[in-house]
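The values are calculated or read from the model by the stated rules, or taken from the named source; none is laboratory data. Note that the structure is predicted; figures quoted are calculated from it, not measured. Cβ placement follows ideal geometry from the backbone for every residue including glycine, while neighbour counts extend to all protein chains displayed. Protein only, heavy atoms only, side chains kept; ligands, DNA and RNA dropped before computing areas. Shrake-Rupley method; radii C 1.70, N 1.55, O 1.52, S 1.80 Å.
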Amino acid sequence: MSDQEKSVGVLGAGTMGSGIAIVSARAGFKTILVERDKETLDKGLDLIDRFFVKSVKKGKMTPEQKDLVMKKNLIGTLKYEDLTDCEFVIEAVFEDLETKKQVFCQANEVCPPETIFASNTSTLSVTSIAADSGRPDRTIGVHFCLPAQVMKLVEVTRGIQTSDETYDRTMEFGKKLNQVFVTTVETPGFILNHFIVAFNNSCIKAYEEGLASVEDIDKAIKLGLGYPMGPFELLDYIGMDTQLQVSLALFEQVQDQRFWPPPLVRRMVDAGHLGRKTGKGFYEYKGAGMFGA
Amino acid sequence: MKIEKVGIAGFEGPGVEIAYIVAGAGYPVAVWDADKQALDRGKNAFNQFVDRAIESGTLEKEKKEQILSQLTSGADVTLLKDVDLVIESLSDDLDLKNKVFSDLSDVVRTDTVLATTTSCHSVTEISNNATNPERALGMHFLKPLLERKLVEVVRALNSSQETIDLVVDFCSKIGKETVVAKDSPGFIVNYFFVPYMNQALNYYDHGLGDKKGLDTALKMGLGYPKGPLSLIDQSGLNDHLHLTSQLYDRLKDPLFAPPPILKRMVDGGKLGKKSGQGFYKYDENS
Ligand SMILES: NC(=O)c1ccc[n+]([C@@H]2O[C@H](COP(=O)([O-])OP(=O)(O)OC[C@H]3O[C@@H](n4cnc5c(N)ncnc54)[C@H](O)[C@@H]3O)[C@@H](O)[C@H]2O)c1
C-alpha cells in the first residue's frame, strides 16, 4: 500500500464507482470520489467502509492500513473543483451519453491539461464520449469488470482520437493500480460484453423455450465447462435491468440477433425480479452487501 | 437390477478415460475394440493413466494391481455378453454407432443398458437400433473427462425412466454429477458452448482482438478455465469442426455454422496441440 504521488478522480459512487475507488485507494492513490448528492455519496462511502472491514477480518489488511486508506487516501466530495490534482479521472456515472459528456465537461474546466479522462462505459462509443470531453486525444476507455474491487481485468479501448501518449500512460497506470489492463478494439461491447451478453441471452432464450431448467443449465455450464458461475447465478448478480439495457444498446449498434433480449428479460424487469438487488431473480435471496473482501 | 459389471465399446481417446474412471470406482470393466492395434494402444494409455495418478498422489500405490486386474479387453464382442451396462465410445460416426448398437443387442442380455457417448448425433436414432430401445440412452461425458464432473444423461424418446434412474445412480457411484437432458442437438452444454466458440473464432478472424488479449480477457474477466483459442488448441480444431458441422446440419442455425477460419486451419493441418500448432505453437515436450 505504497503512497502514490498522483491522485485519481472517480466520478459516481454507484456499484462500479465504489469498486474502482476501492481499487485506487487500496493501491495507494489519493482518490477523490465525486457524487452528485450527499445521500448517494454517503451510501457509497459506507459500502466501501464495510468492504474494508471485511478485508481486515479476513486478514487481507491491518486495521492501520484500513485507517490509512479510508481516512487519508479516500476523499468523498460533491465538488468537481476537488479534482484539480488528478492525473486520471475515471467516470462511472450512468450509462448515458449525455451524462457522461456532461461530467467530463465539468471536469475539463477544473483539471490541468495533462489529466487523462477515462470512461468506464460498457456499451457506448469511446470515440463519441471523447469527442465532447474537451480533450479527445486524452480520453480513453477503461472498462472495469463487476465487481471491480475483486476482478483484476480491465479492458482498455482507444477512441479514434486517443493519442499514443495517452494510451501508454494508461497502460502504465494499470500496473500501478495492480490491475491487468488488456487492449481491445473499439467495437460494441469490447470483448467481455460481446461474449457474455450473447451467451447469457442464449441461456435465457433456451430456458424460456423449455430446453432445461434454470438449475440444470447452471449445473451443466459450471460442471461441464468449469465456469465459476452458472449463467443464471451470474445474471442475478448483473441484474435483469442491466441485462436489458446492455442488450438493447448492443443490438441497436450491430443489429445482431444474438444481442436481442429474449422476452423473459422484459417480463422479469416488469415484475421487479431484477436479481440479488431486489431479493428475487432466477433464484431468491436474503440480505445484501458488497461482494468480496 | 443393479449395475455391477460395465462394458466399454471402443478403446481410444475417451474410451480409455472412461475405463479408467469406472475401474477406479471399483467396477470390473470389459473393453471391446474390433481393432487389435487400438486395443494395445488403449491398454498402454490406461497403464499410463494409472501410473500418472500414482505419481500425482490421486491414487494409492497399493491400488495399482487391483485396478489393472479389474480390466479385461479383447477384440471379440462376446466379451461383453454378461455386462449390465455398455458405454459405447467409438469414433463419432453415425453409421458405425447404429451398427454397433444393433450388433451389441445380439450379444448382451435383454435388460442390459446400452449408452452412447455421442456429442452430436441423435441419441434416439442410435438407441432405436437396440432390440430394447427403452434400455438405451446417452451418456455424454465432458472433456477433459478426468477434470469435468459432469455427465449429461440424455433421454432418448424411448428411454424408460427406470433406465435413466439406473444410469444417474451409476454416475454418482463413479464420482460424476448429472443433468438429465433432452435429446436435442448439442444437449445442454454444447448448445451454448459451440456458438460461443464459433463467435470467438469469427471475432478473432475479423481482427477484433489479438490472441492473447482475447484469451486473457475471457479467462480473467469471466473466470473461464481457459481462453477460447487456447482451449480449442487443447481439444483439437478438427474435433470442433466436426461437432459444429454436425450440429449445423441438424439445426441449420447460423450460430452453429462452421467458422471459415476453422475450416481453413484444419485444411492447413493446424489442428492444435496434437499437431504441434493451432493458434499457438507447441513444442513436442510441452
Ligand atoms: N454494473 C456493471 O455490471 C458494470 C460493469 C462494468 C461497467 N459498468 C459501467 O459503469 C458505469 C456505472 O455503472 P453502475 O452500475 O456503477 O451504475 P450506478 O447507477 O450504480 O452508479 C452510477 C452513479 O453515478 C452517479 N452520478 C450520476 N450522475 C452524476 C454526476 N453528474 N456526477 C457525479 N455522479 C453522478 C449516480 O448518482 C450513481 O451513484 C456505467 O457506464 C456502466 O455501463 C457497469
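Numbers below:
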quantity: Positions within the stretch B:51-77 being in contact with a strand residue (DSSP E or B) (Cβ under 9 Å, 6 or more places away or on another chain) and in a helix (DSSP H, G or I), in sequence order; calculated: B:Gln70, B:Val77
quantity: Residue match in the stretch B:243-261 (condition: in a loop (DSSP other than H, G, I, E, B), at pLDDT below 95 and at positive phi); calculated: no
quantity: Hey, A:Glu81 open to solvent by 30 Å² or more (accessible area, probe 1.4 Å), out of contact with any Lys or Arg (no Cβ under 8 Å at 6 or more places or on another chain) and not in a helix (DSSP H, G or I) or not; calculated: no
quantity: Failed criterion for A:Ile160 (all others in (1) farther than 19 Å from A:Ser24 by Cβ; (2) open to solvent by less than 30 Å² (accessible area, probe 1.4 Å); (3) more than 10 Å from the ligand (Cβ to nearest atom) hold); calculated: (2)
quantity: Pairs where the first residue, in the stretch B:240-265, is within 14 Å of another protein chain (Cβ to nearest Cβ) and the second is basic (Lys, Arg), C-beta under 9 Å, 6+ apart; calculated: B:Leu255/A:Arg258; B:Phe256/B:Arg250
quantity: Criterion (surrounded by fewer than 20 Cβ atoms within 10 Å (Cβ to Cβ), more than 19 Å from A:Gly174 (Cβ to Cβ) and in contact (Cβ under 8 Å) with a residue 60 or more places away in the chain) met by exactly one of A:Lys6, A:Lys43, A:Lys60, A:Lys38; calculated: A:Lys60
quantity: Looking only at the stretch A:92-110, and only at residues there that are touching a residue at least 60 places away in the same chain (Cβ under 8 Å) and outside any helix (DSSP H, G or I), the one that is most open to solvent (accessible area, probe 1.4 Å); calculated: A:Phe94
quantity: One residue from A:Lys30, A:Lys54 being away from the ligand (no atom under 11 Å from the Cβ), touching a Ser or Thr at 6+ places or on another chain (Cβ under 7 Å) and open to solvent by 60 Å² or more (accessible area, probe 1.4 Å); calculated: A:Lys30
quantity: Within the stretch B:196-239, tally of residues that are among the aliphatic types (A, V, I, L, M) and more than 10 Å from every other protein chain (Cβ to nearest Cβ); calculated: 5
quantity: Selected residue (only one of A:Asn193, A:Asn178 is open to solvent by 60 Å² or more (accessible area, probe 1.4 Å), within 20 Å of the chain's Cα centre (by Cα) and not aliphatic (A, V, I, L, M)); calculated: A:Asn178
quantity: Any chance B:Asp183 is open to solvent by less than 50 Å² (accessible area, probe 1.4 Å), in contact (Cβ under 8 Å) with a residue 12 or more places away in the chain and closer than 20 Å to B:Ser122 by Cα; calculated: yes
quantity: Residue satisfying condition, being surrounded by fewer than 22 Cβ atoms within 10 Å (Cβ to Cβ) and aliphatic (A, V, I, L, M), within set B:Leu104, B:Leu85, B:Leu68; calculated: B:Leu68
quantity: Unique match (being part of a helix (DSSP H, G or I), touching a helix residue (DSSP H, G or I) at 6+ places or on another chain (Cβ under 7 Å) and within 22 Å of A:Leu146 (Cα to Cα)) among A:Val8, A:Val69, A:Val53, A:Val23; calculated: A:Val69
quantity: Long-range neighbours under 6 Å by Cβ, at least six apart or interchain, first residue more than 10 Å from the ligand (Cβ to nearest atom) within the stretch A:136-150, second open to solvent by less than 20 Å² (accessible area, probe 1.4 Å) and part of a loop (DSSP other than H, G, I, E, B); calculated: A:Thr139/A:Ser133; A:Ile140/A:Thr162
quantity: Yes/no for A:Glu35 being more than 19 Å from A:Asn178 (Cα to Cα) and within 16 Å of the ligand (Cβ to nearest atom); calculated: yes
quantity: Out of B:Tyr204, B:Tyr191, sole residue that is within 18 Å of the chain's Cα centre (by Cα) and either modelled with pLDDT of 95 or more or open to solvent by less than 50 Å² (accessible area, probe 1.4 Å) (or both); calculated: B:Tyr191
quantity: Breaking point among (1) open to solvent by 10 Å² or more (accessible area, probe 1.4 Å); (2) more than 9 Å from the ligand (Cβ to nearest atom), for A:Ala25; calculated: (1)
quantity: Pairs with Cβ under 8 Å, 6+ apart, first in the stretch A:225-253 and away from every other protein chain (no Cβ under 14 Å) and over 23 Å from B:Tyr191 (Cα atoms), second within 15 Å of the ligand (Cβ to nearest atom) and of a type in the set (Lys, Arg); calculated: A:Gly239/A:Arg276; A:Gly239/A:Lys277
quantity: The listed residue being in contact (Cβ under 8 Å) with a residue 12 or more places away in the chain and either touching a Cys at 6+ places or on another chain (Cβ under 8 Å) or farther than 26 Å from B:Asp92 by Cα (or both), out of B:Ile18, B:Ile54, B:Ile67; calculated: B:Ile67
quantity: Exclusive hit being under 18 Å from the mean Cα position of the chain (by Cα), more than 14 Å from chain B (Cβ to nearest Cβ) and away from the ligand (no atom under 11 Å from the Cβ), set A:Ala131, A:Ala118; calculated: A:Ala118
quantity: Scan of the stretch A:170-201 for residues that are within 16 Å of A:Lys152 (Cα to Cα) and aliphatic (A, V, I, L, M), ordered by number; calculated: A:Met171, A:Leu177, A:Val180, A:Val182, A:Ile191, A:Leu192
quantity: Qualifying residue in the stretch B:184-193 (condition: more than 9 Å from chain A (Cβ to nearest Cβ), touching a strand residue (DSSP E or B) at 6+ places or on another chain (Cβ under 6 Å) and of a type outside the set (Lys, Arg)); calculated: no
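Results for (1) within 20 Å of A:Glu284 (Cα to Cα); (2) at pLDDT 95 or above; (3) buried (at least 23 other Cβ atoms within 10 Å of the Cβ), shown as yes or no for each residue.
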residue	(1), (2), (3)
A:Ser213	yes, yes, no
A:Gly224	no, yes, yes
A:Met229	yes, yes, no
A:Gln245	no, yes, no
A:Leu250	no, yes, yes
